[in-house]
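First the structure, in the form of structure tokens, and then the observations on it.
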Amino acid sequence: MKESQYRKLQTDLIIQSLHTQYIGKEVIFFDTTDSTNIQASMLGEKGAENGTLVLADTQTKGKGRLQRAWFSPNYSNLYFSILLRPPIPPKLSGWISLACGVALAKVIRSHTGLSARIKWPNDILVNGKKLGGILIESHVQGDAIKHLILGIGINVNTSRFPKEISNLATSLKKELGHSIQREPLLVALLKGLEDQLESFYQIGSKELSNEWKQFSDSIGKQVSVTFADRVISGLATDLDTHGELLLEMSDGTVTSVISGDIVHLRNKQSPAKQSENKAEK
Ligand code: BTN
């Protein structure tokens, strides 16, 4: 079956089976939109409720981290943004990103049986390839978070990716060998996200840090981090109290990484292996 022949998301099915306290109490659905993050951000400015869910079947300007585009073909994957008004100061907002990664990894594991892992800060990997990503955009005023947009993309039923990412990305369909229904997965993800966020708001970051490390694909690996002006490499050892990644450098010093893109050096493929993969597609 061609991806374009997949059916639309059934929002009534989602609303009926959702048992959350606030995430998804208000649902705005677009058949096509530019980016659910852009739409959620506009709603946030207009005073929309905590937990408002913006969902789309296709995005024309899907946004990824670090100014990248997010591949958003129609009727096959999940693209959604949640508007949050979190009861925490801006300096703790990094933990929301980690909480979100843990929630996604847990739900994907329980819903599909796949061994989802997290690449710092919150890429969701299955068998070393990217299955999902999270883009968080905070709107801060003074020392308070006015609202925060949690944008999530999960590759569900896509069978083919553009060649630039075909060696790096995967979908549930590719991993499981069959397509899966998006609505029940989304319902489980929304409940998992709310539970994980509430647990963080109520009991703090210690437990979350431990859970994140259990699912982490980065801790214990030699990684490199690319900044605008330099690249550094070190052994990823832990998270600090702000959720930043601690790297032990070759001279024994420890550096924390706030944001950016890390590369797992031990996973880096040789050019020979890359062209082998290309030939398989
Ligand atoms: C990443 O680069 O890993 C983050 C990808 C986030 C993509 C999602 S899809 C729904 C939401 N709307 C967007 O424009 N981006 C996020």
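Every read-out reported here was derived from the displayed coordinates using simple, explicitly stated rules and does not represent laboratory data. These numbers were taken from a predicted model, which means no experiment stands behind them. Here Cβ is always computed from backbone atoms with ideal geometry, including for glycine, and neighbour counts include all displayed protein chains.
Here are a few things to note about the model shown:
- Loop-located trypsin sites (Lys or Arg not before Pro) across the range 119-191 with a Cβ neighbour count of 10 or fewer within 10 Å are Lys163, with loop assigned by DSSP.
- In plain terms, the chain is cut at each of the GluC sites (Glu not before Pro) found in a DSSP loop with at most 12 other Cβ atoms within 10 Å, and the longest leftover piece is 165-281.
- Violating pairs (Cα-Cα greater than 20 angstrom) within the set Lys106/Lys191; Lys8/Lys191; Lys191/Lys213; Lys146/Lys206: Lys8/Lys191; Lys191/Lys213; Lys146/Lys206
- Dimensions (Å) - the range 10-124, Cα atoms, principal axes, largest first: 35, 34, 32
- What the Cα convex hull of the chain gives, in volume per residue, is 136 Å³.
- Length released on extending from Ala69 to Ala228, taking residue separation times 0.36 nm less the Cα-Cα span: 55.4 nm
- Charge dipole (the range 133-274, unit charges on Cβ, about Cα centre) - positive-most of Ala169, Leu190, Ser233: Ala169
- Reachable aspartates and glutamates from Lys61, criterion Cα separation under 18 angstrom, eight or more residues apart if same chain: Asp31, Asp34, Glu137, Glu164
- Basic side chains Lys and Arg get +1 at the Cβ, acidic Asp and Glu get -1 at the Cβ, and with that the dipole of the range 1-76 about its Cα centre reaches some 300 debye.
- Net +/- balance of residues flanking Pro87 in space, Cβ distance below 15 Å, scoring K and R +1, D and E -1: -1
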